[in-house]
1. Show me the strands (runs of 3 or more DSSP E) entirely contained within the stretch 203-321 in which 3 or more residues are touching a Pro at 6+ places or on another chain (Cβ under 7 Å) and within 22 Å of Ser48 (Cα to Cα).
2. Looking at the stretch 53-75, can you tell me whether even one residue there is touching a Cys at 6+ places or on another chain (Cβ under 6 Å), under 29 Å from Thr243 (Cβ atoms) and either of a type in the set (A, V, I, L, M) or buried (at least 18 other Cβ atoms within 10 Å of the Cβ) (or both)?
3. Please go through the stretch 30-48 and pick out each residue that is surrounded by 19 or more Cβ atoms within 10 Å (Cβ to Cβ) and over 28 Å from Ala154 (Cβ atoms).
4. Inspect all residues belonging to the stretch 230-249 and state whether any of them is more than 30 Å from Lys33 (Cβ to Cβ), loosely packed, with under 15 Cβ neighbours inside 10 Å, at pLDDT 95 or above and not aliphatic (A, V, I, L, M).
5. Please verify whether the stretch 272-288 includes one or more residues that are more than 28 Å from Ile73 (Cβ to Cβ) and hydrophobic (A, V, I, L, M, F, W, C).
6. Could you say whether any residue in the stretch 76-95 is out of contact with any strand residue (DSSP E or B) (no Cβ under 6 Å at 6 or more places or on another chain), over 29 Å from Phe11 (Cβ atoms) and either assigned to a helix (DSSP H, G or I) or free of Cβ contacts under 8 Å to residues at least 40 places away in the same chain (or both)?
7. Could you check Phe150 against (1) of a type in the set (A, V, I, L, M, F, W, C); (2) assigned to a loop (DSSP other than H, G, I, E, B); (3) buried (at least 21 other Cβ atoms within 10 Å of the Cβ) and say which number it fails?
8. Thr221 passes all but one of (1) within 22 Å of Arg117 (Cα to Cα); (2) at pLDDT below 95; (3) not aromatic (Phe, Trp, Tyr); which number fails?
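The values are calculated or read from the model by the stated rules, or taken from the named source; none is laboratory data. Computed from a prediction, not measured in an experiment: that's the story for all the values here. Cβ atoms come from the backbone with ideal geometry, glycine included; neighbour counts cover every protein chain shown.
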Amino acid sequence: MKKIRHRIETFLVNFGVWWLPKLSRGQVLLLSKVIGLLAFAIDYRGRSTAIANLKAAFARENITPAQARRIAIGSFQNFARTFLDLFWIAGHPKEELPEIAKLSWQDSETPAMAKSRGALWVTPHYGNFEVLSLIVGLQGFTQLTIAQDFKNAALTDIFARLRQKTGHEIIPQQGAMLRIFKQLKRNGHASLLADLTVKPGRAATVIECFGLKTCVPNLHTSLAFRLGLPLLPATALPLTDGTYRCHFLDPMEASDYPSIDTMTQAVWDRFEPQIRQHPECWMWMYKHWRYLPGPEHDSRYPEYANPNRQFREMLPVAQLPPP
């Protein structure tokens with residue numbers, strides 16, 4: 001049964017890679033809305049997680065059930081558009097990509113600086129992070145990018161091929177840190193996601209995200225400190241006309257921060273205002289707050305959050321909840 005399921009999955013994905021580029025931009029946008037709405041209706045776990053996250057993140061704003069539902073549907077639709085566009089772009093010459101992905105720099109000197117020094121490129125699961133990676137590669141900034149393998153190895157190969165269209169190299173998680181370190185030491189480039197939730201430990205930092213504590217990887221800031229390379233935060237905002245506004249903020253230098261933890265928080269602080277402005281563009285169906293700051297249930301956090309001793313030990317004493 002597993003082999004049969006994998007064959008069906010592979011056929012459907014290959015069919016999508018072949019068929020989607022034949023559609024117009026308007027048809028792709030409409031299809032993403034339909035698929036996103038269906039996914040919201042069918043995916044009970046994802047829908048419940050998204051609603052719980054929105055209630056926790058916007059509790060101070062007194063978010064209503066109708067508002068949470070609307071944003072959650074938009075999040076599913078944005079996620080659908082992200083991957084449909086990955087397939088759609090695969091069937092078009094890469095030189096056409098700037099027609100839908102408009103790139104801008106807050107500091108016009110950033111591209112030249114990045115080419116001379118190398119850089120770490122960071123973004124959250126916001127907007128179309130796939131398109132953002134592709135358009136950067138088209139500018140000559142080919143990167144190492146970590147991607148989690150699918151259980152179906154054929155899908156891993158297909159998605160790697162799609163993501164490498166503009167010159168990037170997709171690498172598995174195993175041994176990724178050493179490969180990225182060597183690449184960056186040669187003034188190379190690597191891209192990382194800044195909003196994954198990871199287990200508490202040395203490779204993680206506790207940050208405040210929408211007023212709640214969470215545990216995110218600090219590989220990007222650790223490398224910035226160790227190698228003296230700039231971090232380049234960016235997002236790709238989807239627009240209603242089918243294009244994207246890919247915007248790079250000012251570079252972040254490790255020398256401007258007292259520690260890895262403070263820089264990790266500062267990176268997130270670049271992204272949260274954008275997410276608040278366009279909340280439907282973030283991946284709310286992901287469990288962003290898995291750990292509680294105290295030993296007991298905390299009503300401020302989603303129901304799926306659980307106490308974790310290591311997480312509590314990572315919190316400064318001033319941040320611990322009262323006994």
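1. Counting at least 3 such residues, we get no strands (runs of 3 or more DSSP E) at all.
2. No: the stretch 53-75 contains no residue that is touching a Cys at 6+ places or on another chain (Cβ under 6 Å), under 29 Å from Thr243 (Cβ atoms) and either of a type in the set (A, V, I, L, M) or buried (at least 18 other Cβ atoms within 10 Å of the Cβ) (or both).
3. Across the stretch 30-48, the qualifying residue is only Arg47.
4. Start the filter on the stretch 230-249 by keeping residues that are more than 30 Å from Lys33 (Cβ to Cβ), which leaves 230-232.
Subsequent filtering for residues that are loosely packed, with under 15 Cβ neighbours inside 10 Å retains none.
No, the conditions are met nowhere in the stretch 230-249.
5. The answer is no; no qualifying residue exists.
6. Yes, the stretch 76-95 has at least one match.
7. Result: Phe150 fails condition (3) only.
8. Of everything listed in (1) within 22 Å of Arg117 (Cα to Cα); (2) at pLDDT below 95; (3) not aromatic (Phe, Trp, Tyr), Thr221 misses just condition (2).
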